[in-house]
Amino acid sequence: MTSLKGKVALVAGGTRGAGRGIAMELGAAGATVYVTGRTTRKQISEYGRKETIEETAELVNELGGTGIAVQVDHLIPDQVQSLIEKIEREQGRLDILVNDIWGGENLMEWDIPVWEHSMEKGMRMLRLAIDTHIITSHYALPLLIRNKGGLVVEVTDGTEEYNQDRYRVSLYYDLAKSSVIRMAKALAHELSPYDCTAVAVSPGWMRSEIMLEVFGVTEENWKDAAEKEPHFVISETPRYIGRAVSAIAIDPDKKRLNGGSFSSGELAKMYHFHDLDGSQPEAFRYLVEVQEAGKPANAEGYR
(Lines give C-alpha, C1' and ligand atoms only; values in the text may rest on other atoms or scores of the structure.)
Protein backbone atom coordinates (compact mmCIF):
# COMPACT_ATOMS: atom_id res chain seq x y z
CA MET A 1 0.00 0.00 0.00
CA THR A 2 1.38 3.41 -0.98
CA SER A 3 0.05 5.26 2.05
CA LEU A 4 2.67 8.03 1.80
CA LYS A 5 2.14 8.77 -1.87
CA GLY A 6 2.35 12.53 -2.37
CA LYS A 7 4.40 13.00 0.80
CA VAL A 8 7.96 14.34 0.78
CA ALA A 9 10.59 13.08 3.21
CA LEU A 10 14.15 14.08 4.01
CA VAL A 11 16.33 11.36 5.49
CA ALA A 12 19.38 13.25 6.69
CA GLY A 13 22.15 10.72 7.05
CA GLY A 14 20.69 8.09 4.74
CA THR A 15 23.88 6.60 3.31
CA ARG A 16 23.80 3.36 5.28
CA GLY A 17 22.46 1.67 8.43
CA ALA A 18 19.25 2.93 9.97
CA GLY A 19 19.05 5.88 7.57
CA ARG A 20 19.10 3.58 4.56
CA GLY A 21 16.50 1.28 6.11
CA ILE A 22 14.22 4.22 6.90
CA ALA A 23 14.58 5.73 3.43
CA MET A 24 13.73 2.37 1.86
CA GLU A 25 10.59 1.86 3.90
CA LEU A 26 9.37 5.42 3.33
CA GLY A 27 9.89 4.74 -0.36
CA ALA A 28 8.03 1.44 -0.12
CA ALA A 29 5.08 3.42 1.27
CA GLY A 30 5.18 5.69 -1.80
CA ALA A 31 7.02 8.77 -0.52
CA THR A 32 9.45 10.97 -2.38
CA VAL A 33 12.62 10.64 -0.32
CA TYR A 34 15.59 12.99 -0.35
CA VAL A 35 18.62 11.04 0.84
CA THR A 36 21.57 13.03 2.11
CA GLY A 37 25.05 12.16 3.26
CA ARG A 38 28.68 12.84 2.48
CA THR A 39 29.60 9.72 0.53
CA THR A 40 28.80 9.56 -3.17
CA ARG A 41 30.15 7.44 -6.01
CA LYS A 42 32.67 10.20 -6.66
CA GLN A 43 33.67 11.17 -3.12
CA ILE A 44 33.88 9.34 0.21
CA SER A 45 33.69 10.70 3.74
CA GLU A 46 36.03 10.16 6.69
CA TYR A 47 34.32 6.80 7.18
CA GLY A 48 36.10 5.44 4.14
CA ARG A 49 33.20 3.10 3.41
CA LYS A 50 31.71 1.98 0.11
CA GLU A 51 28.00 2.72 0.72
CA THR A 52 26.71 5.78 -1.17
CA ILE A 53 23.66 8.02 -1.13
CA GLU A 54 23.02 7.11 -4.78
CA GLU A 55 22.69 3.45 -3.82
CA THR A 56 20.14 4.31 -1.16
CA ALA A 57 18.13 6.43 -3.62
CA GLU A 58 18.12 3.55 -6.11
CA LEU A 59 16.83 1.18 -3.42
CA VAL A 60 14.04 3.66 -2.69
CA ASN A 61 13.12 3.64 -6.39
CA GLU A 62 13.14 -0.16 -6.54
CA LEU A 63 10.58 -0.28 -3.73
CA GLY A 64 8.18 2.07 -5.50
CA GLY A 65 9.15 5.45 -4.10
CA THR A 66 11.11 8.30 -5.62
CA GLY A 67 14.66 8.54 -4.31
CA ILE A 68 16.70 11.70 -4.75
CA ALA A 69 20.33 11.72 -3.60
CA VAL A 70 21.91 15.03 -2.53
CA GLN A 71 25.43 15.28 -1.15
CA VAL A 72 25.31 17.35 2.04
CA ASP A 73 27.61 17.83 5.02
CA HIS A 74 25.09 18.67 7.73
CA LEU A 75 27.72 20.51 9.75
CA ILE A 76 27.87 23.17 7.03
CA PRO A 77 24.84 25.48 7.35
CA ASP A 78 25.06 26.81 3.79
CA GLN A 79 24.84 23.29 2.39
CA VAL A 80 21.81 22.47 4.52
CA GLN A 81 20.11 25.74 3.57
CA SER A 82 20.71 25.00 -0.13
CA LEU A 83 19.24 21.52 0.35
CA ILE A 84 16.02 22.85 1.83
CA GLU A 85 15.76 25.48 -0.88
CA LYS A 86 16.10 22.69 -3.43
CA ILE A 87 13.33 20.65 -1.78
CA GLU A 88 11.07 23.70 -1.65
CA ARG A 89 11.79 24.54 -5.27
CA GLU A 90 11.24 21.01 -6.53
CA GLN A 91 8.44 19.79 -4.24
CA GLY A 92 6.94 22.83 -2.51
CA ARG A 93 6.61 20.95 0.75
CA LEU A 94 8.31 18.76 3.36
CA ASP A 95 6.23 16.29 5.37
CA ILE A 96 8.79 14.10 7.13
CA LEU A 97 12.22 14.96 8.50
CA VAL A 98 14.38 12.11 9.75
CA ASN A 99 17.49 13.28 11.61
CA ASP A 100 19.72 10.20 11.44
CA ILE A 101 23.09 11.92 11.06
CA TRP A 102 25.69 10.17 13.19
CA GLY A 103 29.15 9.30 11.92
CA GLY A 104 30.72 8.41 15.26
CA GLU A 105 31.64 4.73 14.95
CA ASN A 106 35.34 5.43 14.44
CA LEU A 107 35.44 7.96 17.28
CA MET A 108 34.16 5.86 20.16
CA GLU A 109 36.41 4.62 22.97
CA TRP A 110 34.43 2.18 25.08
CA ASP A 111 34.51 2.26 28.88
CA ILE A 112 37.16 4.98 28.92
CA PRO A 113 36.70 7.84 31.45
CA VAL A 114 36.51 11.35 30.12
CA TRP A 115 40.00 12.28 31.33
CA GLU A 116 41.50 9.42 29.29
CA HIS A 117 39.17 9.50 26.29
CA SER A 118 40.49 11.45 23.29
CA MET A 119 38.94 14.88 23.67
CA GLU A 120 39.36 15.55 19.97
CA LYS A 121 37.38 12.43 19.07
CA GLY A 122 34.81 13.06 21.77
CA MET A 123 34.09 16.63 20.73
CA ARG A 124 33.93 15.59 17.09
CA MET A 125 31.38 12.95 18.07
CA LEU A 126 29.20 15.55 19.76
CA ARG A 127 29.42 17.83 16.75
CA LEU A 128 28.39 15.06 14.40
CA ALA A 129 25.61 13.74 16.64
CA ILE A 130 24.07 16.94 17.99
CA ASP A 131 25.08 20.01 15.98
CA THR A 132 24.09 18.37 12.70
CA HIS A 133 20.57 17.67 13.96
CA ILE A 134 20.11 21.22 15.21
CA ILE A 135 21.41 22.78 12.00
CA THR A 136 19.14 20.57 9.90
CA SER A 137 16.06 21.32 12.00
CA HIS A 138 16.79 25.05 11.90
CA TYR A 139 16.57 25.14 8.11
CA ALA A 140 14.06 22.34 7.48
CA LEU A 141 11.30 23.04 9.97
CA PRO A 142 10.02 26.32 8.48
CA LEU A 143 9.10 24.30 5.40
CA LEU A 144 7.72 21.34 7.35
CA ILE A 145 5.33 23.39 9.52
CA ARG A 146 3.56 24.88 6.51
CA ASN A 147 1.34 21.77 6.43
CA LYS A 148 -0.41 20.08 9.32
CA GLY A 149 0.59 16.52 10.16
CA GLY A 150 4.33 16.95 9.70
CA LEU A 151 6.67 14.52 11.43
CA VAL A 152 10.21 14.84 12.82
CA VAL A 153 12.04 11.67 13.83
CA GLU A 154 15.22 11.90 15.89
CA VAL A 155 17.11 8.62 15.55
CA THR A 156 19.20 7.63 18.55
CA ASP A 157 20.46 4.62 20.50
CA GLY A 158 18.33 3.60 23.45
CA THR A 159 15.00 4.81 24.74
CA GLU A 160 14.64 7.49 27.38
CA GLU A 161 13.55 4.84 29.88
CA TYR A 162 16.53 2.59 29.13
CA ASN A 163 19.19 5.28 29.00
CA GLN A 164 18.24 7.29 32.07
CA ASP A 165 19.53 4.68 34.54
CA ARG A 166 22.48 3.38 32.55
CA TYR A 167 25.96 4.57 31.65
CA ARG A 168 26.24 4.30 27.86
CA VAL A 169 29.91 3.29 27.76
CA SER A 170 31.50 6.75 27.59
CA LEU A 171 30.55 10.26 28.64
CA TYR A 172 30.59 11.47 25.03
CA TYR A 173 28.45 8.65 23.65
CA ASP A 174 26.08 8.85 26.60
CA LEU A 175 25.64 12.58 26.11
CA ALA A 176 25.25 12.29 22.34
CA LYS A 177 22.46 9.73 22.46
CA SER A 178 20.63 11.21 25.43
CA SER A 179 20.77 14.69 23.89
CA VAL A 180 18.97 13.48 20.78
CA ILE A 181 16.14 12.10 22.92
CA ARG A 182 15.86 15.43 24.72
CA MET A 183 15.96 17.22 21.38
CA ALA A 184 12.82 15.34 20.27
CA LYS A 185 11.06 16.39 23.45
CA ALA A 186 11.97 20.05 22.92
CA LEU A 187 10.97 19.95 19.26
CA ALA A 188 7.65 18.39 20.25
CA HIS A 189 6.89 21.47 22.31
CA GLU A 190 7.88 23.86 19.54
CA LEU A 191 6.02 21.96 16.80
CA SER A 192 2.82 21.34 18.72
CA PRO A 193 1.10 24.65 17.78
CA TYR A 194 1.52 23.68 14.11
CA ASP A 195 -0.12 20.26 14.52
CA CYS A 196 3.21 18.56 13.86
CA THR A 197 4.86 15.74 15.79
CA ALA A 198 8.40 14.99 16.98
CA VAL A 199 9.56 11.65 18.39
CA ALA A 200 12.80 9.86 19.20
CA VAL A 201 13.17 6.36 17.79
CA SER A 202 15.89 3.80 18.51
CA PRO A 203 16.68 0.56 16.75
CA GLY A 204 17.67 -2.45 18.79
CA TRP A 205 20.84 -4.37 17.99
CA MET A 206 20.84 -3.53 14.31
CA ARG A 207 22.47 -5.59 11.61
CA SER A 208 23.96 -2.61 9.81
CA GLU A 209 26.59 -3.00 7.12
CA ILE A 210 29.28 -2.19 9.68
CA MET A 211 27.97 -4.65 12.28
CA LEU A 212 27.75 -7.50 9.77
CA GLU A 213 31.37 -6.82 8.81
CA VAL A 214 32.46 -6.82 12.46
CA PHE A 215 31.13 -10.35 12.85
CA GLY A 216 32.24 -11.50 9.40
CA VAL A 217 28.75 -12.47 8.24
CA THR A 218 26.15 -11.35 5.71
CA GLU A 219 22.44 -10.79 6.10
CA GLU A 220 21.89 -14.26 4.65
CA ASN A 221 23.96 -16.08 7.30
CA TRP A 222 23.80 -13.57 10.17
CA LYS A 223 22.86 -16.25 12.70
CA ASP A 224 26.41 -17.61 12.42
CA ALA A 225 27.55 -14.52 14.37
CA ALA A 226 25.92 -16.00 17.47
CA GLU A 227 28.96 -18.28 17.74
CA LYS A 228 31.04 -15.19 18.60
CA GLU A 229 28.31 -13.22 20.38
CA PRO A 230 25.37 -15.38 21.51
CA HIS A 231 23.13 -12.38 22.27
CA PHE A 232 23.24 -11.41 18.60
CA VAL A 233 20.18 -13.65 18.31
CA ILE A 234 18.05 -10.61 19.20
CA SER A 235 19.40 -8.49 16.32
CA GLU A 236 17.24 -6.85 13.66
CA THR A 237 17.59 -5.47 10.14
CA PRO A 238 17.74 -1.73 9.35
CA ARG A 239 14.40 -2.15 7.61
CA TYR A 240 12.78 -2.81 10.99
CA ILE A 241 13.30 0.75 12.25
CA GLY A 242 12.35 1.85 8.74
CA ARG A 243 8.98 0.20 9.15
CA ALA A 244 8.65 1.84 12.55
CA VAL A 245 9.17 5.30 11.11
CA SER A 246 6.89 4.60 8.15
CA ALA A 247 4.13 3.39 10.50
CA ILE A 248 4.29 6.61 12.53
CA ALA A 249 4.30 8.73 9.38
CA ILE A 250 1.18 6.98 8.06
CA ASP A 251 -0.68 7.17 11.39
CA PRO A 252 -3.33 9.93 11.25
CA ASP A 253 -3.29 10.04 15.05
CA LYS A 254 0.49 10.29 15.42
CA LYS A 255 0.17 13.45 17.53
CA ARG A 256 -0.52 11.23 20.56
CA LEU A 257 3.14 10.15 20.39
CA ASN A 258 4.47 13.72 20.43
CA GLY A 259 7.63 14.05 22.51
CA GLY A 260 7.86 10.34 23.15
CA SER A 261 10.84 8.00 22.95
CA PHE A 262 10.30 4.58 21.38
CA SER A 263 12.21 1.51 20.25
CA SER A 264 11.57 -0.28 16.98
CA GLY A 265 10.36 -3.28 18.98
CA GLU A 266 7.83 -1.22 20.93
CA LEU A 267 6.50 0.34 17.75
CA ALA A 268 6.25 -3.08 16.08
CA LYS A 269 3.84 -4.17 18.80
CA MET A 270 1.94 -0.89 18.61
CA TYR A 271 1.54 -0.89 14.82
CA HIS A 272 1.60 -4.66 14.15
CA PHE A 273 4.48 -4.76 11.68
CA HIS A 274 7.33 -7.28 11.47
CA ASP A 275 10.97 -7.46 10.46
CA LEU A 276 11.89 -8.98 7.10
CA ASP A 277 11.91 -12.51 8.55
CA GLY A 278 8.43 -12.12 10.04
CA SER A 279 9.67 -11.67 13.62
CA GLN A 280 9.20 -8.78 16.07
CA PRO A 281 12.50 -8.39 17.98
CA GLU A 282 12.16 -6.57 21.32
CA ALA A 283 15.81 -5.80 21.92
CA PHE A 284 15.56 -3.54 24.96
CA ARG A 285 13.26 -5.85 26.88
CA TYR A 286 15.68 -8.66 26.01
CA LEU A 287 18.66 -6.61 27.18
CA VAL A 288 17.11 -6.05 30.60
CA GLU A 289 15.53 -9.44 31.17
CA VAL A 290 18.13 -11.72 29.57
CA GLN A 291 21.51 -10.17 28.77
CA GLU A 292 21.87 -7.82 31.75
CA ALA A 293 20.32 -10.43 34.01
CA GLY A 294 23.17 -12.79 33.14
CA LYS A 295 20.95 -15.42 31.53
CA PRO A 296 22.03 -17.58 28.58
CA ALA A 297 21.24 -16.15 25.17
CA ASN A 298 17.76 -17.18 24.10
CA ALA A 299 15.49 -14.98 22.01
CA GLU A 300 12.42 -17.16 22.49
CA GLY A 301 9.58 -14.89 23.55
CA TYR A 302 11.51 -11.79 22.49
CA ARG A 303 11.15 -11.98 18.71
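The values are calculated or read from the model by the stated rules, or taken from the named source; none is laboratory data. No experiment lies behind these values; they were computed from the predicted model shown. Note: ideal-geometry Cβ built from the backbone for every residue, glycine included; neighbour counts use all protein chains shown. Accessible surface is based on the protein model in full, side chains and every heavy atom, while ligands, DNA and RNA are left aside. Shrake-Rupley method; radii C 1.70, N 1.55, O 1.52, S 1.80 Å.
Scanning segment 253-277 for residues that are within 21 Å of S3 (Cβ to Cβ), free of Cβ contacts under 8 Å to residues at least 60 places away in the same chain and not aliphatic (A, V, I, L, M) gives D253, R256, K269, Y271, H272, F273, H274, D275. Looking across segment 1-54 at every residue that is charged (D, E, K, R) and without any contact (Cβ under 8 Å) to a residue 24 or more places away in the chain, the one that is nearest to D100 (Cα to Cα) is identified as E54. For segment 139-162, taking the residues that are touching a residue at least 60 places away in the same chain (Cβ under 8 Å) and part of a helix (DSSP H, G or I), the one that is most open to solvent (accessible area, probe 1.4 Å) is identified as E161. Among the residues here, Y172 qualifies as out of contact with any strand residue (DSSP E or B) (no Cβ under 7 Å at 6 or more places or on another chain), in a helix (DSSP H, G or I) and surrounded by 23 or more Cβ atoms within 10 Å (Cβ to Cβ). Number of residues in segment 1-34 that are in a strand (DSSP E or B) and open to solvent by 10 Å² or more (accessible area, probe 1.4 Å): the value is 1. Applying the condition of being assigned to a helix (DSSP H, G or I) and not small (G, A, S) to segment 259-278 and asking which residue is least open to solvent (accessible area, probe 1.4 Å) yields L267. Residue count for segment 202-216 under the criterion of being part of a strand (DSSP E or B) and of a type in the set (G, A, S): the result is 1.
Against the condition open to solvent by less than 20 Å² (accessible area, probe 1.4 Å) and without any contact (Cβ under 8 Å) to a residue 60 or more places away in the chain, how does A200 come out, does it pass? I'd like the intermediate steps shown before the answer.
Details: open to solvent by less than 20 Å² (accessible area, probe 1.4 Å): yes; without any contact (Cβ under 8 Å) to a residue 60 or more places away in the chain: no.
No.
When D165, D224 are screened for being out of contact with any Cys (no Cβ under 8 Å at 6 or more places or on another chain), of a type in the set (D, E, K, R), farther than 19 Å from L26 by Cβ and not in a helix (DSSP H, G or I), only D165 passes.
Among the residues that make up segment 194-201, is at least one of them part of a helix (DSSP H, G or I) and not charged (D, E, K, R)?
To start, the set of residues in segment 194-201 that are part of a helix (DSSP H, G or I) comprises 194.
Narrowing the set further to residues that are not charged (D, E, K, R) leaves 194.
So far as segment 194-201 goes, yes, one or more of its residues are part of a helix (DSSP H, G or I) and not charged (D, E, K, R).
Yes or no: segment 209-227 includes at least one residue that is closer than 21 Å to G158 by Cα, open to solvent by less than 50 Å² (accessible area, probe 1.4 Å) and in contact (Cβ under 8 Å) with a residue 40 or more places away in the chain. So far as segment 209-227 goes, yes, one or more of its residues are closer than 21 Å to G158 by Cα, open to solvent by less than 50 Å² (accessible area, probe 1.4 Å) and in contact (Cβ under 8 Å) with a residue 40 or more places away in the chain.
Hey, which of the helices (runs of 4 or more DSSP H) in segment 37-138, taking only ones fully inside, have at least 1 residues that are within 24 Å of V245 (Cα to Cα) and open to solvent by 50 Å² or more (accessible area, probe 1.4 Å)? Give the steps one after another, and end with the answer.
On the way: elements: 53-62, 77-91, 119-126.
The helices (runs of 4 or more DSSP H) meeting that bar are 53-62, 77-91.
The number of residues in segment 185-197 being surrounded by 17 or more Cβ atoms within 10 Å (Cβ to Cβ) and either without any contact (Cβ under 8 Å) to a residue 24 or more places away in the chain or in contact with a helix residue (DSSP H, G or I) (Cβ under 7 Å, 6 or more places away or on another chain) (or both) comes to 3.
Tell me yes or no: at least one residue of segment 69-77 is of a type outside the set (V, I, T), more than 25 Å from K177 (Cα to Cα) and at pLDDT 95 or above.
To start, the set of residues in segment 69-77 that are of a type outside the set (V, I, T) comprises 69, 71, 73-75, 77.
Next, only the ones that are more than 25 Å from K177 (Cα to Cα) stay: 69.
The next check asks that each one be at pLDDT 95 or above; those that pass are 69.
Yes, segment 69-77 contains a residue that is of a type outside the set (V, I, T), more than 25 Å from K177 (Cα to Cα) and at pLDDT 95 or above.
Any residue in segment 233-241 that is crowded, with 17+ Cβ neighbours inside 10 Å and polar (S, T, N, Q)? Within segment 233-241, one or more residues are crowded, with 17+ Cβ neighbours inside 10 Å and polar (S, T, N, Q).
Against the list (1) among the aliphatic types (A, V, I, L, M); (2) crowded, with 18+ Cβ neighbours inside 10 Å; (3) free of Cβ contacts under 8 Å to residues at least 40 places away in the same chain; (4) within 22 Å of G13 (Cβ to Cβ), the condition I248 fails is (3).
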